[in-house]
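The values are calculated or read from the model by the stated rules, or taken from the named source; none is laboratory data. On a predicted model such as this, the values are computed, not experimentally measured, just so you know. All Cβ positions, even for glycine, are placed from backbone atoms using ideal geometry, and neighbour counts span all protein chains on display. Note: areas computed on protein heavy atoms with side chains; ligands, DNA, RNA excluded. Shrake-Rupley method; radii C 1.70, N 1.55, O 1.52, S 1.80 Å.
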Amino acid sequence: MKKIGIIGAGGIARAHATALSTIKNAELVGVYDINQQNAESFVKTFGGKTYEKADELIDASEGVIVASPNFCHKEHALQALAKHKHVLCEKPMAISLEEASIMKDTAERSDVRASMGFNYRYLSYVNILKSLIINNELGNILSIKVHFKKNSAIRRKKFTWRDDANSKKTSGSLGDLGIHLIDLVWYLFESDFIPESVRAKMNTNVKTKEDKQVLVDDYAEIYGQLKNKVFVNIITSKCSVPEDCGFSIEVVGHKKEFKYHTGNPHVYKLIDGLNVADCSVPQSLLNDPPNEFYGWADSFRSELINWIESTQKEWVEIPSFHDGLRSQKVLEMFFEKDCDSQTRSALAVN
Ligand SMILES: NC(=O)c1ccc[n+]([C@@H]2O[C@H](COP(=O)([O-])OP(=O)(O)OC[C@H]3O[C@@H](n4cnc5c(N)ncnc54)[C@H](O)[C@@H]3O)[C@@H](O)[C@H]2O)c1
């Protein structure tokens, strides 16, 4: 696969196009966006053509990146699959389990590679952690804390699709950021949550934007246990103070503890009792945009390389639509477990 088209010419399309421009033998065909201005400004920077219809872009492409808002993923992914084109669908997979199930079933019946945009799997420090776990260097794992804190709900003053109810809460902090963390917990441990163990709290701190009510959470905290007994704590936030912002993972094993925080991007710590070893994180290739954390831009590059390679080599593994559906189920369970129903009742009004 060489020719790649993108549906949706917003922020994340730019991360994909930047990464694509660094990959040999890959070519950006162009974009389709309902907002022609966005499409035109995009091709001015990244090249390729603007297409007036999604179908026309899909026809011209061998693979399609679905980078439209969450409530469009099902329609766009199915359009591309119907035309036998490889798909890379941004997260979260869809806005409901029903949609995600249809997408997964359609992908499994198709003859193409349908990948989920779980790019955090490709972060170098995540892969270092995965090797440490697999090689039993941390020992039996007791717990994982994975936190992702931003301040975008405070910085972004405009009311957008992320703030309304069209994406059924999947565009709030838990759906938007937490879906990556849900996938990472699976990627690292391949074990499901024990539903009865899960407690969740979601909150909307920035309640209005442009005089409209924000109908999604901007803070969520989850506690639960996996079937393999590992305790999990997930925190997602879009309303943190600057000094708290960043992505962090801590894993406690019976032998050693692993700690990483993007605030100290080049080092992860391996802790053995009182001994703390500072270990190096590999240098990234691409520069990260402002407000994104270390290794973010590179993770899109690795994701694209892997997806493209998977279309040529059957044995190359990708985060599949099966993985997308699994994470969607966990997300939906977390929504149900939210003990503070303010976001739910706000949605019910609409
Ligand atoms: N992998 C990641 O780390 C990551 C990060 C940010 C966003 N995302 C995901 O990427 C997707 C897009 O997010 P974004 O931040 O780029 O949003 P955005 O608002 O910046 O861009 C969305 C674009 O889609 C266009 N659009 C809206 N409806 C459309 C339709 N029906 N057909 C075609 N285009 C349409 C809009 O005009 C806009 O240009 C979301 O699903 C989001 O969750 C992933």
Go ahead and set up a Gaussian network model of the chain, Cα springs under 10 Å, then flag whichever of Ile133, Ile58, Ile95 fluctuates most.
-> Ile133
Under 1.5 on a/c is rounded, so check that first for segment 212-278, then, if it is not, pick prolate when a/b is larger than b/c and oblate when it is not; a ≥ b ≥ c are the square roots of the alpha carbon gyration tensor eigenvalues.
-> oblate
Divide, for segment 155-253, the radius of gyration over alpha carbons by 2.2 N^0.38 Å, where N is the residue count.
-> 1.18
On alpha-carbon atoms, Rg over Rh for the chain using Kirkwood Rh?
-> 0.95
Which semi-axes, in whole Å and largest first, does the equivalent ellipsoid of segment 10-73 have when worked out from the alpha carbon gyration tensor as the square roots of 5 times its eigenvalues?
-> 17, 13, 12
Report the one residue of Gly139, Asn38, Cys89 whose Cα lies farthest in the direction of the positive end of the charge dipole of segment 30-186 (charges on C-beta: Lys and Arg +1, Asp and Glu -1; origin at the Cα centre).
-> Gly139
In the Gaussian network model of the chain, springs joining C-alpha atoms below 10 Å, which of Ser284, Ser173, Ser197 carries the largest mean-square fluctuation?
-> Ser197
Percent of alpha carbon pairs in segment 1-143 separated by more than 21 Å?
-> 47 percent
For the chain, with all protein chains present and a 1.4 Å probe, just round the carbon and sulfur fraction of the accessible area to a whole percent.
-> 49 percent
Does segment 90-185 come out rounded, prolate or oblate by the C-alpha gyration tensor, with a ≥ b ≥ c the root eigenvalues, rounded set by a/c under 1.5 and, if not, prolate when a/b is larger than b/c and oblate if not?
-> oblate
Once amide H atoms are built 1.01 Å from N in the peptide plane, which residues 5 or more positions from Val267, or in another chain, come under 5 Å H to H?
-> Val281
Quick one: what are the phi-derived ³J(HN,Hα) couplings along segment 263-276, Karplus 6.51/-1.76/1.60 with θ = phi - 60°, whole Hz, x for glycine and proline?
-> x, 10, x, 8, 9, 10, 10, 10, 10, 10, x, 8, 8, 10
Along segment 245-261, Karplus-curve 3J(HN,Hα) (6.51, -1.76, 1.60; θ = phi - 60°) to the nearest Hz, with x for Gly and Pro, reads 5, x, 10, 9, 9, 10, 10, 9, x, 5, 8, 9, 10, 10, 9, 9, 9
Step through the table entries Lys24/Lys269; Lys201/Lys329; Lys168/Lys201, compare each Cα-Cα distance with 24 Å, and write down the pairs that go over it.
-> Lys24/Lys269
Under 5 Å, built H, 5+ apart or other chain: amide partners of Lys49 = Gly30, Val31
